[in-house]
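**Student:** Quick one: this structure, given as structure tokens, is what I'll be asking you about.
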Amino acid sequence: MKNERKVLRNKSILIGVTGGVAAYKAVDLIRRLREEGSSVTVIMTEAAKNFITPLSLEVASQNRVYSDLFSDPLAHIMLPANADIMVIAPATANIIGKFARGIADNLLSTSLLSFRGKLIIAPAMNWRMYENPIFQENLRYLLSRGVIQVGPEKGALACGEEGMGRMSGVSEIVESIKSSITKKDLVKEKVIVTAGPTREYFDPVRFISNRSSGRMGYAIASAALRRGAQVTLISGHSSLNPTKGVNFIPVETAADMLDAVNKELNLSTVLIMSAAVSDFMPAEKHKNKIEKSGELLLRLNKTPDILSEIGKKKNRPFIIGFAAETGGRIERAEKKLKEKNMDMIIFNDVTEAGSGFDVDTNRVVIIDKEKKIELPLLSKNSVADAILERLVEIRA
Ligand code: C5P
């Protein structure tokens, strides 16, 4: 999509693939990075060829795959010099040990020594190797030199054992690459983001809710974290996974969400209410499942308005709300901005194609006390960044 704010667009990424079972995940990693607009070149070690073929990596990267130090005598200088970012995934104990001690005995280890940019490593090995103090010392040394580590995770390992050593998932590695080149312009902020729908129960198994998927809020939480903020994500039911590093609080009802927001409010500097909070809740909640009979009448009461409650507080954070309207009634959003004492409101017309619920895109207008910024149809990730860019501008 035109105008997308893709962090990795036009970046040149050099990927090192070493000999671990997780080498197969490199194919997906390369594909994802290319989707983000990066160009990818791969160096693989001889050991990696036992796990994955050079052809798979060549097809995925649409580039030649390098592995021999001597058949391209200048590759160890030229490939790193032309790369913005270098990623080793999977990174074995062997390559980490070599790099920590400055050993340059193959194309990848030699390239690591000549590289001057951001380096991200995704370790993958058996837990006994990972916990070995010699390995840990090597790892600590690299981190003290500015190398960025992503993972590993605890889980089932290739050898059949459980433990720490499984390579991070591809999404997490991509997120870590993005984060490594994102300006940390929100480090001073403690941000609460609410997301998803609330569920208002009228018996133990039934509730009223809405179509919100949580995508907008989850995208905002990830983008804020990447920019260095401390992030709490308070979310109603969603099928999405919160990004690692986010303080995640799942809730169900509007009342739960209000409680959670109030608890987190202390020292928070920004509240972003992207949740689709139900406006109504059943007046009565039956203790037992209601029997099926001819007709059921539900009486509904208003839910607490979280934004208004927080807006009234004396030491309130900077408040950003959302106005999902049907029909282009932007004036309603402007009215809400004032009425609910917000600092910024994001207007979107949920009846417009590609906007609103359950889609990956949104067309919004960012309205604050000084400006109205009309954005084109963008991915929710780009909308999230646009909102945060305006936040940074206002708070500067
Ligand atoms: O007035 P309206 O419901 O359209 O306002 C939407 C904004 O208010 C959203 O940011 C939403 O998260 C928030 N909201 C709230 N508490 C409610 C209903 C909506 O904070 N009970």
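**Student:** Can you tell me which of 363, 390, 299, 329 is within 19 Å of residue 191 (Cα to Cα) and either surrounded by fewer than 15 Cβ atoms within 10 Å (Cβ to Cβ) or among the charged types (D, E, K, R) (or both)?
**Tutor:** 390
**Student:** Could I ask something else about it? Please work out which one of (1) closer than 23 Å to residue 28 by Cβ; (2) not in a strand (DSSP E or B) is the condition residue 120 fails and give its number.
**Tutor:** (2)
**Student:** Sticking with this one: Please state which of the following conditions residue 170 fails to meet, knowing it meets all the rest: (1) more than 17 Å from residue 89 (Cβ to Cβ); (2) modelled with pLDDT of 95 or more.
**Tutor:** Every condition holds for residue 170 apart from (1).
**Student:** Please name all residue pairs, on different chains or six or more residues apart, with Cβ atoms under 6 Å, provided the first residue is in the range 253-265 and is within 14 Å of residue 276 (Cα to Cα) and the second residue is open to solvent by 60 Å² or more (accessible area, probe 1.4 Å) and away from the ligand (no atom under 12 Å from the Cβ).
**Tutor:** Every condition considered, no pair remains.
**Student:** How about the range 237-285: which of its residues are part of a loop (DSSP other than H, G, I, E, B), within 15 Å of the ligand (Cβ to nearest atom), more than 22 Å from the chain's Cα centre (by Cα) and polar (S, T, N, Q)?
**Tutor:** Result: 253, 278.
**Student:** Only one of 285, 292, 336 is over 21 Å from residue 217 (Cα atoms) and surrounded by 12 or more Cβ atoms within 10 Å (Cβ to Cβ). Can you tell me which?
**Tutor:** Being over 21 Å from residue 217 (Cα atoms) and surrounded by 12 or more Cβ atoms within 10 Å (Cβ to Cβ) holds for just one of 285, 292, 336, which is 285.
**Student:** Among the numbered criteria (1) in contact with a Ser or Thr (Cβ under 9 Å, 6 or more places away or on another chain); (2) over 28 Å from residue 70 (Cβ atoms), which one does residue 108 miss?
**Tutor:** (2)
**Student:** Against the condition of a type outside the set (Ser, Thr, Tyr) and either open to solvent by 70 Å² or more (accessible area, probe 1.4 Å) or touching a strand residue (DSSP E or B) at 6+ places or on another chain (Cβ under 7 Å) (or both), how does residue 60 come out, does it pass?
**Tutor:** So residue 60 does not fit the description; no.
**Student:** Would you confirm whether or not the range 8-17 contains a residue that is over 30 Å from residue 383 (Cα atoms), buried (at least 17 other Cβ atoms within 10 Å of the Cβ) and either under 24 Å from the mean Cα position of the chain (by Cα) or modelled with pLDDT of 95 or more (or both)?
**Tutor:** Yes, because at least one residue in the range 8-17 is over 30 Å from residue 383 (Cα atoms), buried (at least 17 other Cβ atoms within 10 Å of the Cβ) and either under 24 Å from the mean Cα position of the chain (by Cα) or modelled with pLDDT of 95 or more (or both).
This table checks each residue for (1) out of contact with any Lys or Arg (no Cβ under 9 Å at 6 or more places or on another chain); (2) surrounded by fewer than 22 Cβ atoms within 10 Å (Cβ to Cβ).
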| site | (1), (2) |
| --- | --- |
| 91 | yes, no |
| 97 | yes, yes |
| 100 | no, yes |
| 103 | yes, yes |
| 126 | yes, yes |
| 130 | yes, yes |
| 134 | yes, yes |
| 138 | no, yes |
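**Student:** Could you say which residue among 33, 55, 29 is assigned by TED's automatic domain parsing to the domain that holds residue 170 and surrounded by fewer than 15 Cβ atoms within 10 Å (Cβ to Cβ)?
**Tutor:** Answer to the check: 55.
**Student:** Please verify whether the range 297-305 includes one or more residues that are within 9 Å of the ligand (Cβ to nearest atom) and either within 25 Å of the chain's Cα centre (by Cα) or assigned to a strand (DSSP E or B) (or both).
**Tutor:** Checked the range 297-305: at least one residue is within 9 Å of the ligand (Cβ to nearest atom) and either within 25 Å of the chain's Cα centre (by Cα) or assigned to a strand (DSSP E or B) (or both).
**Student:** Also: Run residue 234 past the list (1) part of a strand (DSSP E or B); (2) in contact with a Lys or Arg (Cβ under 9 Å, 6 or more places away or on another chain); (3) crowded, with 23+ Cβ neighbours inside 10 Å and report the number of the one that doesn't hold.
**Tutor:** (2)
The values are calculated or read from the model by the stated rules, or taken from the named source; none is laboratory data. These numbers were taken from a predicted model, which means no experiment stands behind them. In this analysis, Cβ positions are derived from the backbone assuming ideal geometry, glycine residues included, and neighbour counts consider all displayed protein chains. Remember, those area values only see protein heavy atoms, side chains included, never the ligands or the DNA or RNA. Shrake-Rupley method; radii C 1.70, N 1.55, O 1.52, S 1.80 Å.
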